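Everything on this sheet refers to the single structure shown next.
The values are calculated or read from the model by the stated rules, or taken from the named source; none is laboratory data. Computed from a prediction, not measured in an experiment: that's the story for all the values here. Glycine gets a Cβ as well: all are built from the backbone with ideal geometry, and neighbour counts include every protein chain shown.
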Amino acid sequence: MARIGGSSGFTLIEVLVALLIVGIAFSAIMGTAGVSVDALGDTKRRLAALYVAQNRLAVTRVDSTGENPVFPGVFTGIDKQSSTKFYWRETVTRPPGYPVTHVVVEVFPDDRYKASLATLQGYVLARIDQ
């Protein structure tokens, strides 16, 4: 396109197209950053749920060696970790013929006990008198 008076520079259309490209690139970068922040929050919540599961398994192990024997069954409760309330379900079974107790701890975000955030299982040596 010929310029009047020999001036150089960008036309209004060229500037608008450049701004449009920069705007699209910026919104794509911000969208990616938003997804990363959401994923970080979910990871923190799952890690806190795993701490709850580890604590429950540790309590069961301690109880199995003390005055309170661990009996088979399904137990539920609520624990707080990093100012978040978690609901846990502990399933305790004793395989026949083995001196161990199988413990599965599941941690959930609410009291509906669906879609666990963390699951941890372990074995606890059963007391002889059980």
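Filtering region 103-126 down to residues that are in a strand (DSSP E or B) and within 15 Å of ASP63 (Cβ to Cβ), which residue is modelled with the lowest pLDDT? For region 103-126, the residue satisfying everything is LEU125. Only one of the listed residues (VAL100, VAL104, VAL52) is touching a residue at least 60 places away in the same chain (Cβ under 8 Å) and either surrounded by 11 or more Cβ atoms within 10 Å (Cβ to Cβ) or out of contact with any Asp or Glu (no Cβ under 7 Å at 6 or more places or on another chain) (or both). That residue is VAL52.
Scan region 76-88 and tell me whether some residue there is part of a helix (DSSP H, G or I), without any contact (Cβ under 8 Å) to a residue 60 or more places away in the chain and either at negative phi or not basic (Lys, Arg) (or both). The answer is no; no qualifying residue exists.
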